[in-house]
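Participant: Here it is, the structure, as structure tokens.
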Amino acid sequence: MREKKIIDTNTFDWPIILIYVVMVLFGWFNIYSASWNESTGSIFDLNKNYGKQFLFICISAFIAIFWLFLDYKVFNLFSYGVYGVLVGLVISVFVLGKEVAGNKNWIPIGSFNLQPAEFAKYGVSLALAKFLGTPDARLKDKITLRIALAIFLLPMALILIQKDTGSALVFLSFSLVLYREGLSGIWFVMALCAIIIFILTLYFGSVWVSGIFAAVAFLLYLLSSRRKYLTWPFLLVTIAVVGFSFSINLITDNILKDHQKKRILVTFGLLEDLKKEGYNVHQSKIAIGSGGLIGKGFLQGTQTKLRYVPEQHTDFIFCTIGEEWGWIGSTIIMILFVTLIARVYYLAERQKNRYNRIYAYCVGSILFFHFIINIGMTIGLVPVIGIPLPFFSYGGSSLIGFTVLLFTLIRLDATRSTEMSTLKDMY
Amino acid sequence: MSEGSNRNQSLIIAVIAIGFIFTVRLFYLQIIDKSYVEFANANSKKILTIHPNRGLVYDRNNKLIAFNDNFYDLMISYPFNLKNFDTLGFCEILRITKPNFIKRLKKADKTVYKGSAVFYKNLEQNKYAALQERMYEYERFYIDIKTDRKYKTTSGAHILGYIGEISQKQLEAQDEENYYSKGDFIGLTGIEKYYEKELRGLKGEEVILVDSRGRQKGNYSKGKYDKQPIAGLKVSTTLDLTLQEYAEKLMQNKMGSVVAIEPSTGEILTLVSSPGYNPDDLSIRNKRKNYGKLLLDPTKPLFNRAVTAAYPPGSVFKLLNGLIGLQEEVIYPETTFPCYRGFSIGRLHVNCHPHPPNLDLRGSVANSCNAYYCNTFREILENPKYKSTREAYIKWKDYMLQFGLAAKLGSDINFESKGNIPSPEFYDKMHNGKWGFSRLISLSIGQGEILITPLQMANVISAIANRGYYYTPHCIRKVDDKPAIPQKFREKHKIKIDRQHFEAVVEGMAMTLINGTAARTGIEGIEICGKTGTVQNPHGKNHAVFMCFAPKDNPKIAIACIVENAGYGATWAAPVANLLIEKYINKDTVSSKPEMEKRLFEAYILPKPKPLDATRIKFLKDSTTKATKDSIEKKKKENKNNTTGNMPLNRDMVLNEREEDY
């Protein structure tokens, strides 16, 4: 019999760790490049973004290693506790918050700012896993569903009140977890339809959309062989669609803020506003588009160096990658993200334990959501929503938050094999 | 398979699908759509043009004539966002008022070109210095350095020409090279225009990076794509600056021109059109101030009389008739004709002045006998060799063309006129097809319909000095110290008249200075051969004409001189030419004939300047526009009916042509 180690490093999922290291280091270089100018000194200069990022990377590395050697039972045990603390932190922003650019969602700690919204995701993931992980939790049960929804809608609402729309929207990614755990797919279909109707209405106006939809529905109804059973469904759907389409102007005019409305219009090419709301995306597309096939080379990007792209080291860090590393570099980043997220989903499905599985789905979905929104906005496919690109964007809260999120998963995943080897040992 | 793992698969597929969509979108942005590269360049790179130094202009003795001088334009780059701009301090430096500042800004907004516009032209030195110190504060502004011409002399303006901003027309008409852009300077007249390509050099470029707020951030790629400007080539003219300056001084306060040519090469030593102007008056910076004034000056200083004005040549034309007579063998050097104080045919009488009787060819040249040449011309036209007078006239005209008359010589001086030797068709029309010697009698002594420019006249005397050939007159000597002048200036134009005939005429010309019409104006020690002329002028006093060359053997210089409305050629034109010869050949700084020199320096033979009142200005402007219209119509007609050609020219018409050239 082999000597039994407490932790067997072979049980860690090394592909994910490898992707993580590559992303974090490459992100750091790009932050350096984005802030670079002739007089830039050492990459470790702590007064500069890239120096601070190096510090965050060190802290993250420390936490990552620490996390890997924690007893996995700790996570399960403290799930609700962590959730409570982190949501509490979000609430504390109302009191302690520092105003940055008109929004109050930072807590100042010394010379650093803590962004609780970045950590709240972790708390929600743990709490959701704990809640749905109990053997008798069934989403078909309405009360269970409501509690599950409340777990992530509560922090989302709080963050929304703090006007950090981007971070708040990320919480919608938990609905993908619910989908995996048995929530009917019809909701997602409906959401997709709503988005399509929304876009069509923006393009063609409610009258045309409603008219054509009603006409098609009526035609289908007439062609249908079981007409008498379908009268009501057809009628209700048509009314819903027409009603929704007509209420879109109301939504865009009253619920969304002016800049949000404009960003949406810009994305769909319905508004040319290169100076203000469309400026970011336009400049971002220029930076990326000018990269060509192989890019301009490290530190050679002109658009990012000359500060044409706002937020280039945080939310728009992908511009630097696109400009300096070209299509090849960008595609490699796409492959890394797709591999990472797919791998996380793959790991999720192979978990034997419900808690682990749900947690893994949470991680995958959060990453997926960030990936879609962040890359989508830099290349002009999604309206500008300010959320960071995981592992790349500058920011301690974001980097540490994602590190904790990911390494908790790796630690949990490692238990699967320890459990298995334990089983093997028994026989 | 469970529902859960199905859903897991659809999630993984969704991730891959999104990744794929993004990759395709990136492929479109980065590889297919090239517009972003252009956007990026427009965004961040700015190409600054560095203007090269224009080539320097030297005289034949390597004396500097024209050089360069920098001046500064204050430019503003687009967009003009002047937030937090210290307008007050800025206005104070420039000493302009705020409304003026706003006015300039508005004007700049309308004239933006390649991302910037001129805000303040030609900064004064003190303002430039004050501004330079604080330039870093004014992010949107920069100073554009341009070079203007400066001159070491006040002479030679008509040969040198001037530079100026390129016109819209020229910009549109330029060749594929597309060298020029708006605001560039280009040679507009004279040598500056003719040798523009040699003088302009090659523009340099500096590619600089501009950040999102328009601040310059140093050179792109450490200057890898910068191009150093290449200075224009040195152009050496054929002018003798000392001689030119002396000639202009002799011609001061007189209307007329002097052209001196080195016969053996066709090089123009001096070309004066008087009254002229100081070349500095039309430099970039002074032009605005002076151009209008010069244009409206009744003495027409901008008008290059030496090549553009055409006059009846007068008695100097007798040389040509004599030469043709000898070649056609209708006269011989020994031939004499009687002179009865003139020549009569029918009711026509051509007067002659008193001179010794029984003159042969030499004597007739020296004494300028009118009767001798009436007879000679009659012999030429009524030569039995030819079937008709018309045919003989055509032969005669052919000789004239060989001398370079009635056509542009093709020198490198612009605004050349053709002059005129009437075509036989012209006389057909004028005299209903019936004409003979009696109708053409005034041609024998260089009056009538013929017109010759001073440059052509100088070329004729140069051909005589060479005894039968000439090189097209030109004012280019060397480019970049290499004798690389255009081929056409190295071609010998031969005249089909035997050398011995020239010798006979030259003998007579030498006598002119000894005991002929121009005796007493000669220079001791130099064998000058000349011919005087006094051109009758229906509008006023006679024009004084003199053409000469020296020395008799192996001539070094040939000169044609015309002084308008001065009187006798021997009194006004011959002294000018002879003093120039003395200057050129003896290289003396002090003339041997100080009284003659003094008389010329002090003479004032200009029409009384009329004050330019409003009506006159209006008249001048109106006549200019009318003249331009007329000449355009005339040109159209000429193009339609080329055979009639050779319309008689008069000075007004010549002037019109020039206005049009502008």
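The values are calculated or read from the model by the stated rules, or taken from the named source; none is laboratory data. The structure presented is a predicted model; accordingly, all values stated were derived computationally and were not measured. Every residue, glycine among them, receives a Cβ derived from its backbone with ideal geometry; neighbour counts consider all protein chains shown. Accessible surface is based on the protein model in full, side chains and every heavy atom, while ligands, DNA and RNA are left aside. Shrake-Rupley method; radii C 1.70, N 1.55, O 1.52, S 1.80 Å.
Participant: Taking B:ASP588 and the conditions (1) of a type in the set (Asp, Glu); (2) part of a helix (DSSP H, G or I); (3) at pLDDT below 90, which numbered condition does it fall short on, given that it satisfies the others?
Facilitator: That leaves (2) as the condition not met.
Listed here are the residues, each with its yes/no results for (1) surrounded by 13 or more Cβ atoms within 10 Å (Cβ to Cβ); (2) of a type outside the set (A, V, I, L, M, F, W, C).
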residue	(1), (2)
A:TYR32	yes, yes
A:SER42	no, yes
A:ASN49	yes, yes
A:LEU55	yes, no
A:ALA61	yes, no
A:LEU70	yes, no
A:LEU77	no, no
A:VAL90	yes, no
A:GLY97	yes, yes
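Participant: If A:LEU381 satisfies all but one of (1) over 29 Å from A:ASN113 (Cβ atoms); (2) assigned to a helix (DSSP H, G or I); (3) at the interface with another protein chain (Cβ under 9 Å from one of its Cβ atoms), what's the number of the condition it fails?
Facilitator: Looking at each condition in turn, A:LEU381 falls short on (2).
Participant: With open to solvent by less than 30 Å² (accessible area, probe 1.4 Å) and more than 9 Å from chain B (Cβ to nearest Cβ) as the only criterion, which of A:THR331, A:THR320 stands out?
Facilitator: A:THR320
Participant: Still on this structure, please answer the following. Pairs needed: first member in the range A:181-207, within 14 Å of chain B (Cβ to nearest Cβ); second member anywhere, of a type in the set (D, E, K, R); C-beta distance under 7 Å; at least 6 residues apart or different chains.
Facilitator: Going by the 7 Å Cβ cut-off, the qualifying pairs are A:GLY182/A:LYS140.
Participant: Next up: Only one of these is over 15 Å from B:TYR399 (Cβ atoms) and in contact with a Ser or Thr (Cβ under 8 Å, 6 or more places away or on another chain): B:PRO486, B:PRO473. Name it. Outline the logic, then answer.
Facilitator: Details: B:PRO486 fails: in contact with a Ser or Thr (Cβ under 8 Å, 6 or more places away or on another chain).
Residue meeting the stated conditions: B:PRO473.
Participant: What's the number of the only condition in (1) surrounded by 15 or more Cβ atoms within 10 Å (Cβ to Cβ); (2) within 26 Å of B:TYR225 (Cβ to Cβ) that B:PHE85 fails to meet?
Facilitator: Only one criterion in (1) surrounded by 15 or more Cβ atoms within 10 Å (Cβ to Cβ); (2) within 26 Å of B:TYR225 (Cβ to Cβ) is unmet by B:PHE85, namely (2).
Participant: Mind checking which residues of the range B:562-599 are surrounded by fewer than 17 Cβ atoms within 10 Å (Cβ to Cβ) and either within 25 Å of B:THR534 (Cα to Cα) or not assigned by TED's automatic domain parsing to the domain that holds B:VAL535 (or both)?
Facilitator: B:GLY567, B:PRO594, B:GLU595, B:LYS598, B:ARG599
Participant: Within the range B:42-61, which residues are within 8 Å of chain A (Cβ to nearest Cβ) and open to solvent by 30 Å² or more (accessible area, probe 1.4 Å)?
Facilitator: Matches in the range B:42-61: B:ASN43, B:LYS45.
Participant: Output yes when any residue across the range B:15-24 is modelled with pLDDT under 85 and at the interface with chain A (Cβ under 10 Å from one of its Cβ atoms), and no when none is. Walk me through how you get there before you give the answer.
Facilitator: Start the filter on the range B:15-24 by keeping residues that are modelled with pLDDT under 85, which leaves none.
No, the range B:15-24 contains no residue that is modelled with pLDDT under 85 and at the interface with chain A (Cβ under 10 Å from one of its Cβ atoms).
Participant: Could you please give the count of residues in the range A:319-350 that are touching a Phe, Trp or Tyr at 6+ places or on another chain (Cβ under 7 Å) and within 16 Å of B:GLN30 (Cα to Cα)?
Facilitator: Total satisfying the criteria: 3.
Participant: Moving to a separate point now. For the range A:146-219, give me every one of the helices (runs of 4 or more DSSP H) that falls completely inside it and has 2 or more residues that are out of contact with any Lys or Arg (no Cβ under 7 Å at 6 or more places or on another chain) and surrounded by 22 or more Cβ atoms within 10 Å (Cβ to Cβ). Before the answer, list the steps.
Facilitator: On the way: elements: A:165-170, A:174-180, A:186-204.
Those helices (runs of 4 or more DSSP H) span A:165-170, A:174-180.
Participant: Return the total of residues in the range A:341-370 being within 10 Å of another protein chain (Cβ to nearest Cβ) and either surrounded by fewer than 23 Cβ atoms within 10 Å (Cβ to Cβ) or modelled with pLDDT under 90 (or both).
Facilitator: Of the residues in that region, 6 qualify.
Residue by residue, here is whether (1) free of Cβ contacts under 8 Å to residues at least 60 places away in the same chain; (2) within 18 Å of B:LEU440 (Cβ to Cβ); (3) not β-branched (Val, Ile, Thr) holds:
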| site | (1), (2), (3) |
| --- | --- |
| B:ALA309 | no, no, yes |
| B:ASN321 | no, yes, yes |
| B:GLU328 | no, yes, yes |
| B:VAL350 | no, yes, no |
| B:PRO356 | yes, no, yes |
| B:CYS369 | yes, no, yes |
| B:TYR373 | no, yes, yes |
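Participant: Residues of the range B:380-408 being closer than 23 Å to B:VAL307 by Cβ and open to solvent by 50 Å² or more (accessible area, probe 1.4 Å), which ones?
Facilitator: B:LEU401, B:LYS408, listed by residue number.
Participant: Moving to a separate point now. Kindly evaluate A:SER245 against the criterion of being at the interface with chain B (Cβ under 10 Å from one of its Cβ atoms), among the hydroxyl-bearing types (Ser, Thr, Tyr) and either touching a helix residue (DSSP H, G or I) at 6+ places or on another chain (Cβ under 7 Å) or open to solvent by 50 Å² or more (accessible area, probe 1.4 Å) (or both). Talk me through it step by step, then tell me what you get.
Facilitator: Numbers: at the interface with chain B (Cβ under 10 Å from one of its Cβ atoms): no; among the hydroxyl-bearing types (Ser, Thr, Tyr): yes; either touching a helix residue (DSSP H, G or I) at 6+ places or on another chain (Cβ under 7 Å) or open to solvent by 50 Å² or more (accessible area, probe 1.4 Å) (or both): yes.
No.
Participant: Okay, moving on. Could you list all residues from the range B:267-286 that are in contact (Cβ under 8 Å) with a residue 60 or more places away in the chain and over 17 Å from the mean Cα position of the chain (by Cα)?
Facilitator: If the condition is that a residue be in contact (Cβ under 8 Å) with a residue 60 or more places away in the chain and over 17 Å from the mean Cα position of the chain (by Cα), then B:ILE284, B:ARG285 are the ones that fit.
Participant: When you scan the range B:335-442 for helices (runs of 4 or more DSSP H) that lie fully inside it, which ones turn up with 3 or more residues that are in contact with a helix residue (DSSP H, G or I) (Cβ under 6 Å, 6 or more places away or on another chain)?
Facilitator: On the way: elements: B:361-367, B:370-381, B:389-402, B:424-430, B:437-440.
Ranges flagged: B:361-367, B:370-381, B:389-402.
Participant: From the list B:TYR72, B:TYR36, which one is within 7 Å of chain A (Cβ to nearest Cβ), out of contact with any His (no Cβ under 9 Å at 6 or more places or on another chain), closer than 30 Å to B:TYR225 by Cβ and buried (at least 19 other Cβ atoms within 10 Å of the Cβ)?
Facilitator: Matching residue, one of B:TYR72, B:TYR36: B:TYR36.
Participant: Looking at the range A:284-318, which of its residues are part of a helix (DSSP H, G or I) and within 16 Å of B:ARG25 (Cα to Cα)?
Facilitator: Answer for the range A:284-318, where residues must be part of a helix (DSSP H, G or I) and within 16 Å of B:ARG25 (Cα to Cα): A:SER284, A:LYS285, A:ILE286, A:ALA287, A:ILE288, A:GLY289, A:PHE318.
Participant: Would you pick out the residues in the range A:268-303 that are away from chain B (no Cβ under 12 Å), among the small types (Gly, Ala, Ser) and in contact (Cβ under 8 Å) with a residue 12 or more places away in the chain?
Facilitator: The one that is away from chain B (no Cβ under 12 Å), among the small types (Gly, Ala, Ser) and in contact (Cβ under 8 Å) with a residue 12 or more places away in the chain: A:GLY278.
Participant: Answer yes or no as to whether A:PHE152 is under 17 Å from the mean Cα position of the chain (by Cα), within 14 Å of another protein chain (Cβ to nearest Cβ), more than 26 Å from A:VAL241 (Cβ to Cβ) and of a type in the set (Phe, Trp, Tyr).
Facilitator: No.
Participant: Given the structure, is B:LEU105 free of Cβ contacts under 8 Å to residues at least 12 places away in the same chain and over 30 Å from B:GLU196 (Cα atoms)?
Facilitator: no
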